[in-house]
Amino acid sequence: MKHHLPSLESLKVFESTARQLSFSLAARELRLTRGAVSYQIRRLENDAIIK
């Protein structure tokens, strides 16, 4: 069975979002758009559902 690990970028976004409790604040901290943060979180959620 092949294991899939999330990207380091996605994990950074998740950590910042969880700590800030805000997509907007995480985006500001990481110098990303709110949409980019949302996209990375959605990717993590989709990966978790598929597994």
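No value in this document is a laboratory result; all are computed from the given coordinates. All values reported here derive from a predicted model rather than from experimental measurement. Methodologically, a virtual Cβ is constructed for each residue, glycine included, from the backbone with ideal geometry; neighbour enumeration extends over all protein chains shown.
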_Stretch gain in nm, segment residue 24-residue 12, where the contour uses 0.36 nm per residue and the Cα spacing is subtracted_ = 2.9 nm
*asked:* Show me the trypsin sites (Lys or Arg not before Pro) within region 1-37 that DSSP assigns to loop and that have at most 16 other Cβ atoms within 10 Å of their Cβ.
replied: 2, 31
